[in-house]
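Asker: Below you'll find the structure I mean.
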Amino acid sequence: THQGSLKLPRWPVAACGRRGVGFTEGVVCRQEAGMHVQDMIRTSPAEAPINLEALAECIEACFECAQTCSACADACLGEEQVTQLTACISLNEVCADVCATTGAALSRIAHAAVIPTRSLLDACAEACARCAEECERHAEHMEHCRVCAEACRRCENACRELLSQEAA
């Protein structure tokens, strides 16, 4: 931790259940967030072209990864050895942009036929794989890189799963 650094609370991610009993303020439930994404997809007048759960999981993973990569790049910029982290920062920024774009495009169900879904999913999976590899190199010494690598792997897997379902 750096001198003068603002200490922010770490919000736990719960395995799931219902908000209320047993949950404290600030606890995020991945399943509940995924249900929100599924609910939004269901409200579209167009029918989702692929499995709703896999699509929602991929959208959620993309946005989570985009946020995590942005935060990791910011944390890297605050490290004392920032000059040794330029590749990590660059990959974080690219991965964040690709993930945000992919998540947004996948959310556009009504125009799914005109979206280059396969290309976006391929690009997102590749960006996540490269970012995860770089963050894994620093994960032992930098917690933010460990967390980022996990989010990137989760998103990479979600994109590849959606690609496999699309091909089937």
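The values are calculated or read from the model by the stated rules, or taken from the named source; none is laboratory data. None of the values given here were measured: they were computed from a predicted structure. So basically every Cβ, Gly included, is an ideal-geometry build from the backbone, and we count neighbours across all protein chains shown. Accessible surface areas use protein heavy atoms only, side chains included; no ligands, DNA or RNA. Shrake-Rupley method; radii C 1.70, N 1.55, O 1.52, S 1.80 Å.
Asker: What is the gain in length, in nm to one decimal, between Arg42 and Thr83 on full extension, counting 0.36 nm per residue of separation less the C-alpha to C-alpha distance? Intermediate values should be presented prior to the final figure.
Answerer: Numbers: separation 41, 0.36 × 41 = 14.76 nm, distance 4.62 nm.
Here the answer is 10.1 nm.
Asker: What is the calculated FRET efficiency for Ala71 to Glu126, with r their C-beta to C-beta distance and R₀ = 25 Å, to the nearest 0.05?
Answerer: According to the calculation, E is roughly 0.75.
Asker: Same structure, new question: So, for the stretch 40-129, what is the accessible surface per residue at a probe of 1.4 Å, expressed in square angstrom?
Answerer: It amounts to 50 Å² per residue over the stretch 40-129.
Asker: Heavy atoms of the protein only, probe of 1.4 Å, neighbouring chains included. What is the accessible area of Met40 in Å², nearest 10?
Answerer: 110
Asker: Using 0.36 nm per residue of separation minus the Cα-Cα distance, give me the extension gain between Val114 and Glu143 in nm, one decimal.
Answerer: Net length gain for the segment: 6.5 nm.
Asker: Further, regarding this structure: Restrict the search to the stretch 120-168; then list the GluC sites (Glu not before Pro) that DSSP places in a loop and that have at most 15 other Cβ atoms within 10 Å of their Cβ. Could you put the intermediate results ahead of the total?
Answerer: Values: sites: Glu126, Glu133, Glu134, Glu136, Glu140, Glu143, Glu150, Glu156, Glu161, Glu166; in loops: Glu140.
Passing sites in the stretch 120-168 are Glu140.
Asker: What FRET efficiency comes out for Glu150 versus Asn51 if R0 is 22 angstrom and r is the Cβ-Cβ distance? Round to the nearest 0.05.
Answerer: According to the calculation, E is roughly 0.40.
Asker: So what's the net charge close to Ala87: Lys and Arg +1, Asp and Glu -1, counting the other residues with Cβ under 14 Å from its Cβ?
Answerer: With Lys, Arg at +1 and Asp, Glu at -1, the net is -3.
Asker: What does the net charge come to around Ala96 if you take all other residues with beta carbon closer than 12 Å to its beta carbon, with K and R at +1 and D and E at -1?
Answerer: Here the count lands on -4.
Asker: Now a separate question. Under 14 Å from the Cβ of Asp74, count the other residues' Cβ atoms, weight Lys and Arg +1, Asp and Glu -1, and hand me the total.
Answerer: Once positives and negatives cancel, what remains is -3.
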